[in-house]
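Quick notes on the structure that follows.
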Amino acid sequence: MAKKKIVILGVTGSIGQSTLKVVRHLPDQFEVVGVAGGSRWQETAQIANEFKVPYASVSNEADYEKFKSELKNSEALHGEDALTKMCTLPEVDLVLCGIVGTSALIPVYEAVKLGKTIALASKEILVAAGEVVMDTAHKSGATILPVDSEHSAIFQCLEGKKPKDIRRVILTCSGGPFLRREEGFCSVEIGDALKHPTWEMGRKITIDSASLMNKALEVIEARWLFDLEPDQVDVVIHPQSIVHSMVEFTDNTVLAQMSENDMVFPIQFAMTYPERFSSSLKPMDFTKAMSLTFEGPDHDRFPSLRYAHKAMDRGGAAPAILNAVNEVAVHAFLEERIKFSAIWDLIKLFLDKAATYPGSNLEEILSADSKVRLEAEALIASGVYQ
C-alpha cells in the first residue's frame, strides 16, 4: 500500500506534535510532504529536516532567510500563500490542519475545492464559514474528518447510521478548571485559567475551555459537520473526559465512544481513516474501578453556550463574529489587558449588533471577521474592560 502523503499545518503546536507522534509510530503509512510552523522557525526547520519534507513554511517574512539557511532538504516558503501552495499540491492525500483560529481558512478552503481529504482540528474554520465550506465539500467530493475528540467520537458513532434515525448528538465537556468555582470571574488569574483538569492543550484553547467557549464553538462545528439542526446538538458536563461524546437515536438508545484522554487517538483515527491501526497509547482497563458522572451545564455562570445558539439563530456572519471577538478577547486576557469576565462581555456586545454585518458568502464573512477584530481591539485599547 502506498504511503499517504500529508501536509501538517501548525506542526509546532500541540496538535502538530501529536500528529508527528502518529507518523513516527506508523512510518510505513505516511510521508510528510509539507509542514507549516508559524513563528517557531527553528523548531519547524528541525522537523522539516527530520522528515525530509519537500516544503516547509513559516509565517513571518523576517524569519525567512534564517529559516531557509537551516533547511537541508526542503524548499522554504512563508506567508498564507505558502499554506495554500502546500495544501493544493497534486500529490497531497491529506491536509491536517492544527492551526488555531481562522488563519488557515483560505488554504483549507482551496484544498476542499480540489476534493482533498482534510483532517480538521481548527474548529474555528467551520464556526466562521461552516455552511460555505461544507457546501463546497459536497460539490467537490472532499472529505472532512474531525480531529477534535468530541467530533471524532460522534463521527465514529454515526458511521453506517441513517440521518433520519438521529435524534441528537451530545458533546461531553470536562467543565474546565472553574466548574466548582464559587466566587465570581472578575478576579480570575491567568495561571488558574490555564490549569485544565484533564487535557494538555495550547493556551488559547485552554482559556476557551475555562470559559466553556471551546464547547460553544464545538456546538456550531458539529451543526455543520454532521448536517444537524441547532437543537440537535446538546452538551453535558463529564469531568472525567473518558466518554468523548454520544449519539442518541430515535429509539432512545445511545452510542458513546470512550478512550483515554489523549489527542493521539482522534488524530490517528483521522489520519488512518477508513483503516484502524494499533496505537502507541495504552488501552482502557475496565477491571479497575472508575466513576463516570454527567450533569448539565450552568448557562448562567457560563453563558458561552447561549451565545453559540444565539449566533446560529442569527446566521450569516454571526458565528464568525462570535469566533473573531473571542479570539481577540482571549489574546487580550492572556496579555493581562482585560478581565476574564470581559471575554463574555465583548462577545455579547458584538453579537447584539451582528445583523449589521452582511455574511451571505465567504468574502462578506471574511470582511465581517476583519472589521470586528479591529473594533474589538479598539474597545480593549480604550481600557474600559480592564
Checklist entry - Around Leu114, what is the net charge, scoring Lys/Arg as +1 and Asp/Glu as -1 over all other residues with Cβ under 13 Å from its Cβ? => result +1
Checklist entry - Around Ile144, which amide H atoms from residues at least 5 apart in sequence, or from another chain, sit under 5 Å from its own amide H, with H modelled in the peptide plane? => result Ile118
Checklist entry - On the first, second and third principal axes, largest extent first, how far apart are the outermost C-alpha atoms of segment 224-270 in Å? => result 30, 22, 18
Next on the checklist: Given 4 °C and 1.567 mPa s, compute D for segment 190-325 with the Stokes-Einstein relation, Rh being the Kirkwood radius over Cα pairs; round to the nearest whole µm²/s.
Outcome noted: 76 µm²/s
Checklist outcome for this item: So the compactness index of segment 93-185, its C-alpha Rg divided by 2.2 N^0.38 Å, takes the value 1.29
Item to check | Under 27 Å from the Cα of Lys310 - lysines, other chains or at least 8 residues apart | outcome: Lys123, Lys164, Lys204, Lys215, Lys339, Lys348, Lys353, Lys371
Checklist entry - Relative to the Cα centre, what is the charge dipole magnitude of segment 285-355, using +1 at the beta carbon of each Lys and Arg, -1 at the beta carbon of each Asp and Glu, and rounding to the nearest 20 debye? => result 180 debye
Checklist outcome for this item: Cβ density ranking, 10 Å radius, fewest first, applied to Val254, Val328, Val35, Val264 yields Val254, Val264, Val328, Val35
Checklist entry - Residue by residue, what Karplus-based ³J(HN,Hα) values in Hz, rounded to whole numbers, does segment 102-111 have, using 6.51, -1.76 and 1.60 with θ = phi - 60° and x for Gly and Pro? => result 9, 5, 9, 4, 5, x, 5, 4, 5, 5
Checklist outcome for this item: In whole Å, largest first, the alpha carbons of the chain cover along the principal axes 55, 54, 41
Item to check | Against the rule of thumb 2.2 N^0.38 Å, how large the Cα Rg of segment 1-68 comes out | outcome: 1.08
Checklist entry - Suppose every K and R has +1 on its Cβ and every D and E has -1 on its Cβ; what is the size of the dipole of the chain about the Cα centre, in Debye to the nearest 20? => result 480 debye
Checklist entry - Rounded to the nearest 500, what is the chain's calculated 222 nm mean residue ellipticity when only DSSP H runs of at least 4 contribute -39500 (n - 2.57) each, over all residues? => result -13500 deg cm²/dmol
Checklist outcome for this item: Interchain or sequence-distant (5+) residues whose placed amide H lies within less than 5 Å of the amide H of Leu77 are Ala56, Ser57, Val58
Next on the checklist: Need the C-alpha centroid separation for segment 1-67 versus segment 240-314, integer Å.
Outcome noted: 28 Å
Next on the checklist: Give me a comma-separated list of calculated 3J(HN,Hα) values for segment 174-180, in order, Karplus coefficients 6.51, -1.76, 1.60 applied at θ = phi - 60°, integers in Hz, x for any Gly or Pro.
Outcome noted: 5, x, x, x, 10, 4, 9
Next on the checklist: If you take every DSSP beta bridge fully contained in the chain, what fraction is antiparallel? Give it as a percent rounded to 5.
Outcome noted: 25 percent
Checklist entry - Given a cut-off of under 8 Å on Cα pairs at least six residues apart, what relative contact order in percent is computed for segment 4-146? => result 21 percent
Checklist entry - Which lysines have a Cα lying under 27 Å from the Cα of Lys72, excluding residues fewer than 8 positions away in the same chain? => result Lys3, Lys4, Lys5, Lys21, Lys52, Lys85
Checklist entry - Based on the Kirkwood radius over alpha-carbon pairs, what value in µm²/s does the Stokes-Einstein equation return for the translational diffusion coefficient of segment 297-380 at 4 °C and 1.567 mPa s? => result 101 µm²/s
Checklist outcome for this item: Shape descriptors of segment 4-146 over alpha-carbon atoms, Rg and Dmax in angstrom, are 14.1, 42
Next on the checklist: With a cut-off of 8 Å between alpha carbons and a minimum separation of six or more residues, what is the relative contact order of segment 100-241 in percent?
Outcome noted: 27 percent
Checklist outcome for this item: Of 351-364, 178-191, 89-102, 56-69, ordering from highest average Cβ density within 10 Å down gives 89-102, 56-69, 351-364, 178-191
Item to check | Per principal axis, descending, Cα span of segment 75-126 in whole Å | outcome: 27, 23, 15
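No lab work stands behind these numbers, since they all come straight from the coordinates. Everything quoted here is computed from the prediction, not taken from an experiment. Backbone-built Cβ (ideal geometry, glycine too); neighbour counts: all protein chains shown.
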